[in-house]
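The structure under discussion appears below in the form of structure tokens.
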Amino acid sequence: MKKLSLLLFVLFATSALQAQIDTTISYYDFNNLIPGNMPGQDSWVNTLTGTTTDIQIEAGYSHDGTNAAHFTKTGGNVNASANRPLNAIFPDFNYADSAVFYLYFDMKREYWGTEFGLAYDYNQDGVISMANNVEKGLRFKTAQNGGCWLYTPDGNTHTNATLINSGWNRIEIKLETGANNGQGSLSIRYKTVGTSTWFNLYVNVNAGLNPSVSDPRNPALWDQVFFHFTGQESGLDNLEFWRIAHIIIPPNHDPTEIGLAPDTISENQPLYRFVGLLSTVDPDTNDTHQYSLVTGTGDTDNAYFVISNDSLFSSISFNYEDTSMRYIRIKTEDLAGASFEKAFVINIIDVAEVNPGINELSDDHIQIYPNPAQEKLFIEFKNGIQDGIIKMYTSNGLLVREEKYQGSNFELDVSDIINGNYILVLEYAKGKFFSRKVQILK
């Protein structure tokens with residue numbers, strides 16, 4: 001047996017909601033069955049009338065030179081049926097869904113008739129009986145001695161005198177379960193295998209579905225794949241089921257807030273110094289966001305900052321004596337284009353400048369290791385620190401750890417912090433900060 005489930009997604013917008021088209025396609029052929037008697041292989045069951053010869057799995061019988069199901073006995077009162085569980089071949093096909101279903105199969109027509117459909121095993125004995133009306137679901141039949149028949153689940157028979165090709169034909173059954181106020185609509189067309197022209201046999205026939213009853217009119221009860229051969233040369237191969245459904249998905253919401261932590265920077269820093277991490281409050285909790293500096297109220301000093309991913313950096317060295325505050329405006333935008341803007345004040349921290357820069361830590365005055373870390377982070381200060389504070393932020397600006405430290409060596413336990421990228425901010429004197437990106441990887 002060959003199975004393949006393929007999910008294709010096409011998104012489009014409506015006036016108030018978004019809809020998603022979910023197409024599921026499943027295939028079944030007889031190529032993994034062993035040539036010979038069909039019963040017992042892959043859960044197939046045969047029911048015989050007027051013969052003791054089972055339906056055969058015959059190598060090379062199909063139009064494509066592969067295995068196919070074939071009945072070798074002839075005569076109007078000589079016939080055989082086969083069925084097996086539907087879900088084992090085509091999983092997750094719930095015909096009670098309001099969707100459009102397509103059933104494709106290759107059928108070889110003969111004189112007395114070849115039939116295919118979906119059925120309901122009413123008495124749960126594993127066999128679909130042609131004589132039991134409460135087990136007959138949706139069926140299509142074609143024969144040389146009469147044309148075509150569509151048997152709808154409500155027990156009605158729709159005839160068509162069209163005599164289709166006596167060889168292999170590709171049949172398409174289209175079932176729209178939501179049409180006709182829930183009664184469903186059926187359309188059937190065919191083409192000769194190897195050609196491209198389709199011919200209509202039935203168009204928008206009322207299917208007579210009723211999801212509230214306990215008989216074959218309720219498509220939720222269909223649980224068997226079924227076919228019936230009468231006479232020699234009947235054949236079946238290459239089953240293909242499609243389900244196409246519109247799924248309403250929740251509307252996208254606008255972000256409602258932007259956070260920045262921290263929001264200070266010391267004066268006299270080198271260019272492109274880290275300021276803080278940006279975060280977004282959004283009703284759509286799994287949304288992702290992009291940040292940008294934008295024009296508007298509070299954008300006076302946008303030119304002095306840059307944003308990389310979710311981090312804000314300075315692009316110049318600030319002087320507290322010029323101004324103690326800088327003003328910027330930031331926009332957050334989600335994947336659907338919904339956005340929120342907010343103005344921020346960046347506070348410039350004054351630094352004692354008796355000997356400018358002497359009290360500013362640089363990379364050669366501090367070591368942080370290992371990076372990435374698993375259980376502990378070790379921090380070494382060349383000249384020692386009195387009354388320092390360590391803060392660790394997530395990539396979206398949430399504070400996950402804050403501890404005081406002093407001395408030349410400090411050990412930070414990170415064993416309970418989950419894997420990810422973090423910002424370690426060290427306040428080593430009032431208003432003086434050093435930051436480093438670290439990674440936790442266990």
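The values are calculated or read from the model by the stated rules, or taken from the named source; none is laboratory data. The model shown is predicted, which means the values in this text are computed figures rather than measured ones. With ideal geometry, Cβ positions are generated from the backbone for all residues, glycine too; neighbour counts draw on all protein chains shown.
Counting only residues that are within 38 Å of the chain's Cα centre (by Cα) and modelled with pLDDT of 85 or more, give me the strands (runs of 3 or more DSSP E) lying completely in region 377-442 with at least 1 of them.
In region 377-442, 399-413, 432-440 are the strands (runs of 3 or more DSSP E) which contain 1 or more residues that are within 38 Å of the chain's Cα centre (by Cα) and modelled with pLDDT of 85 or more.
Of the listed requirements (1) at pLDDT 90 or above; (2) under 30 Å from Met392 (Cβ atoms), Arg273 misses just one: (1).
Of the residues that make up region 328-336, is at least one assigned by TED's automatic domain parsing to the domain that holds Pro262, within 16 Å of Gly276 (Cβ to Cβ), more than 33 Å from the chain's Cα centre (by Cα) and at pLDDT below 95? Scanning region 328-336 turns up no residue that is assigned by TED's automatic domain parsing to the domain that holds Pro262, within 16 Å of Gly276 (Cβ to Cβ), more than 33 Å from the chain's Cα centre (by Cα) and at pLDDT below 95. May I ask you to verify whether Phe241 is over 35 Å from the mean Cα position of the chain (by Cα) and among the aromatic types (Phe, Trp, Tyr)? No, not satisfied.
Restricted to region 52-82, and to residues there that are aliphatic (A, V, I, L, M) and surrounded by fewer than 20 Cβ atoms within 10 Å (Cβ to Cβ), the residue that is farthest from Thr230 (Cα to Cα) is Ala59. Pairs are defined by a Cβ separation below 7 Å, a sequence spacing of at least 6 or placement on different chains, a first member in region 157-174 that is under 12 Å from Gly146 (Cα atoms), and a second member that is of a type in the set (D, E, K, R) and assigned to a loop (DSSP other than H, G, I, E, B); the pairs so defined are Ile164/Arg109. Checking each residue in region 176-230 for being hydroxyl-bearing (Ser, Thr, Tyr) and over 28 Å from Val78 (Cα atoms) picks out Thr177, Ser185, Ser187, Thr195, Ser196, Thr197, Tyr202, Ser212, Ser214.
If only residues of region 227-253 that are surrounded by fewer than 17 Cβ atoms within 10 Å (Cβ to Cβ) and in a loop (DSSP other than H, G, I, E, B) are counted, the one that is modelled with the lowest pLDDT is Pro250.
Name the one entry in Thr323, Thr300 that is modelled with pLDDT under 90, assigned by TED's automatic domain parsing to the domain that holds Thr264 and assigned to a loop (DSSP other than H, G, I, E, B). Even if it seems obvious, please write down each step before you answer.
On the way: Thr300 fails: modelled with pLDDT under 90.
Testing whether each residue is modelled with pLDDT under 90, assigned by TED's automatic domain parsing to the domain that holds Thr264 and assigned to a loop (DSSP other than H, G, I, E, B) leaves just Thr323.
In region 177-189, of all residues being in contact with a Ser or Thr (Cβ under 8 Å, 6 or more places away or on another chain) and crowded, with 19+ Cβ neighbours inside 10 Å, the one that is modelled with the lowest pLDDT corresponds to Thr177.
Looking for whichever is touching a residue at least 24 places away in the same chain (Cβ under 8 Å) and surrounded by fewer than 16 Cβ atoms within 10 Å (Cβ to Cβ) here; the options are Gln269, Gln290, Gln224. Which one fits?
On the way: Gln269 fails: surrounded by fewer than 16 Cβ atoms within 10 Å (Cβ to Cβ); Gln224 fails: surrounded by fewer than 16 Cβ atoms within 10 Å (Cβ to Cβ).
Within the list Gln269, Gln290, Gln224, the selection yields Gln290.
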